[in-house]
Structure formats: C-alpha cells, structure tokens
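Working notes, structure below.
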Amino acid sequence: MAAVYVGGTLLLSGPVGLPIQAAIPIAYAVAVAFHFLLQRVFVFRHDGGFALSVREQVVRYLLIAATQYPATAALTALLPAIFDLSDQVAYLITVAIISLTFFFVLRWGVFHPQEGHLAHEERPGRVG
C-alpha cells in the first residue's frame, strides 16, 4: 500500500501537477482496496480463521480508512506552516506516524484470530 499510496500521491502532486490535497484522495482510494486485500490474505492470515466475518472486517476497515484520510489531509495541511516544511515532507512524516499507529489497530481490531486460535508464527514450540 505504501508504494501505491505514497508513490501515487507524490507522482500526482509532483510530475502530474495536481495539488497535494487532490492527489491524496485519488491515491488513497486505489491503495485502500489493494491494502485490505493484502492485509487479509498475507499479513494477518490465521490458520484458525478470523474472529470477524469479511463483512465485519470491511466495515471496521472502512471506518479506519475514514479516520486515516482526514487525519492525513489535516496534518499535511497544518504541518508545513507549523514546522516550515514542504507539503511532501509533511505528508511523508504524517504517513509514517499514521501507518505505524493503524497497523496495531488493524492487528488487534480488524484482522485478529478467532478466540483460542493463534497464528502459526505465535504458537508455542513451533519451529519455522
């Protein structure tokens, strides 16, 4: 997602010439769908299944996405004036902070395993 989101935003706001506030939602919409799929299939895959249904995961995921976007847009707009940064640098700092925070929210609030099931890498005594 980072390559699609950050790369897309910087491409659209740089060479393409869109204002960064217009580039962010375009790249974000494309990246959100891609990110959900990758998170569910690869990052948070559980041998015992997920505690939430796909529908419940999508709803929670979209709520998080709805929170991330305005936070990113607001901080990208505010940080340049506060810290004398370019829009792009403010955007990169914002994305780093928000991405790390929401990784943990996704792990424990959206893509968590069923009760009593641990992901294969968390099982005690399992090698490899």
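Compute the acute angle (0 to 90°) between the alpha-carbon long axis of helix 20-38 and the principal axis of greatest extent of the alpha-carbon atoms of the chain; round to the nearest 10°.
Computed tilt is about 10 degrees.
Please sort by residue number the trypsin sites (Lys or Arg not before Pro) in region 1-110 whose DSSP state is loop and whose Cβ has at most 15 other Cβ atoms within 10 Å.
For trypsin sites (Lys or Arg not before Pro) across region 1-110 that sit outside H, G, I, E and B with at most 15 neighbouring Cβ atoms in 10 Å, the list reads R45.
Provide the net charge surrounding L106, with neighbours chosen by a C-beta distance below 11 Å and charges set as Lys +1, Arg +1, Asp -1, Glu -1.
With Lys, Arg at +1 and Asp, Glu at -1, the net is +3.
Skipping prolines and chain starts, which residues have an amide H placed within reach, meaning under 5 Å, of the one on F50, given they are 5 or more residues away or on another chain?
Here Q114 satisfy the definition.
Which semi-axis lengths, in whole Å and largest first, follow from the square roots of five times the eigenvalues of the Cα gyration tensor of the chain?
Ellipsoid half-lengths, sorted descending, are 33, 14, 13 Å.
Work out the FRET efficiency for L92 and R55 from their Cβ-Cβ distance, taking R0 = 22 Å, and round it to the nearest 0.05.
About 0.05, to the nearest 0.05.
Helix 54-83: angle to the longest alpha-carbon principal axis of the chain, degrees 0 to 90, nearest 10?
Helix 54-83 and the main axis of the chain meet at about 30 degrees.
Counting Lys +1, Arg +1, Asp -1, Glu -1, what net charge surrounds I93 among other residues with beta carbon under 14 Å of its beta carbon?
Here the count lands on -2.
Could you tell me the distance between the Cα centroids of region 77-110 and region 4-18, to the nearest Å?
16 Å
Every number in this text was worked out from the coordinates using simple rules, so none of it is lab data. Keep in mind that this is a model prediction, so the values were computed, not measured. We place every Cβ from the backbone using ideal geometry, glycine too, and count neighbours over all the protein chains shown.
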